[in-house]
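> Below you will find the structure I want to go over with you.
The values are calculated or read from the model by the stated rules, or taken from the named source; none is laboratory data. Given the structure is predicted, the values throughout are model-derived calculations rather than measurements. Cβ atoms come from the backbone with ideal geometry, glycine included; neighbour counts cover every protein chain shown. To get the accessible areas, we keep the full protein, side chains included, count just its heavy atoms, and leave off ligands, DNA and RNA. Shrake-Rupley method; radii C 1.70, N 1.55, O 1.52, S 1.80 Å.
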Amino acid sequence: MTGIIVSVVLSLFIGFLWEWQQAINITGGVGVIMLLLAGVLNGTFVSGVQMRANREIETAEDKESRNKFSSMFFLWGFPFFLTAIALFMIVN
C-alpha cells in the first residue's frame with residue numbers, strides 16, 4: 001500500500017513541478033530498477049545449476065532475508081512500474 005501511495009504522489013509531484021515525461025521516466029526507472037533487484041535477489045537470472053549451488057551453501061537466515069528483501073523490492077517496484085505505464089497511457 002505504501003508503494004502505491006509513494007509512486008502516485010511522487011509522479012504527481014514531478015509531473016506538476018517539471019513535466020509529465022520526466023515523471024514517466026523517473027517512476028518507470030525506479031520501478032524497473034526495483035524489479036531487477038527483486039529478480040537478482042530471487043535468483044531469476046541464474047541457471048539451475050548455480051541456483052542449486054547457492055542453496056547448498058545458504059543458511060536458513062540468509063534465505064529468509066533474501067526472500068524478504070526480494071518481496072519488498074517487488075512490492076515497491078511494481079506500483080512504480082504500473083504508475084509509469086498509467087501515466088504514459090494518459091499523457092500519450
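> Identify, please: which residue in the range 56-92 is within 28 Å of SER11 (Cα to Cα) and either charged (D, E, K, R) or not in a helix (DSSP H, G or I) (or both) and is, among those, modelled with the lowest pLDDT?
Ranking the candidates gives ASN92 first.
> Oh, and also: Filter the range 20-44 down to the residues that are small (Gly, Ala, Ser) and within 10 Å of SER70 (Cβ to Cβ), then identify the one that is nearest to the chain's Cα centre (by Cα). Steps first, answer last, please.
Step one: filter the range 20-44 for residues small (Gly, Ala, Ser), giving 23, 28-29, 31, 38-39, 43.
Subset that is within 10 Å of SER70 (Cβ to Cβ): 38-39, 43.
Values: ALA38: 7, GLY39: 9, GLY43: 15 Å.
Taking the candidates together, the pick is ALA38.
> Right, something else. Among the residues of the range 6-47, which ones are aliphatic (A, V, I, L, M) and open to solvent by 70 Å² or more (accessible area, probe 1.4 Å)?
So the first thing to find is which residues in the range 6-47 are aliphatic (A, V, I, L, M), and the list is 6, 8-10, 12, 14, 17, 23-24, 26, 30, 32-38, 40-41, 46.
Passing the criteria: VAL9, LEU12, LEU17, ILE33, LEU36, LEU37, VAL40.
> Now a separate question. Looking for something within 10 Å of the chain's Cα centre (by Cα) and modelled with pLDDT of 85 or more - is there at least one such residue anywhere in the range 6-14?
The initial filter retains those residues of the range 6-14 that are within 10 Å of the chain's Cα centre (by Cα), namely none.
Among the residues of the range 6-14, not one is within 10 Å of the chain's Cα centre (by Cα) and modelled with pLDDT of 85 or more, which makes the answer no.
> Just checking, how many residues over the range 45-55 are in a helix (DSSP H, G or I) and either basic (Lys, Arg) or under 19 Å from the mean Cα position of the chain (by Cα) (or both)?
Going residue by residue through the range 45-55, those that are in a helix (DSSP H, G or I) are 48-55.
Then drop every residue that is not either basic (Lys, Arg) or under 19 Å from the mean Cα position of the chain (by Cα) (or both), which leaves 52, 55.
Residues that pass the stated criteria total 2.
> Further question on the same structure: Tell me whether the range 58-77 contains one or more residues that are open to solvent by less than 50 Å² (accessible area, probe 1.4 Å), touching a residue at least 60 places away in the same chain (Cβ under 8 Å) and not hydroxyl-bearing (Ser, Thr, Tyr).
Within the range 58-77, one or more residues are open to solvent by less than 50 Å² (accessible area, probe 1.4 Å), touching a residue at least 60 places away in the same chain (Cβ under 8 Å) and not hydroxyl-bearing (Ser, Thr, Tyr).
> Quickly run through the range 11-58 and pick out the residues that are of a type in the set (A, V, I, L, M, F, W, C) and under 11 Å from LEU87 (Cβ atoms).
Taking the range 11-58 as the starting set, the residues that turn out to be of a type in the set (A, V, I, L, M, F, W, C) are 12-14, 16-18, 20, 23-24, 26, 30, 32-38, 40-41, 45-46, 49, 51, 53, 57.
Passing the criteria: LEU12, ILE14, TRP20, ALA23, ILE24, ILE26.
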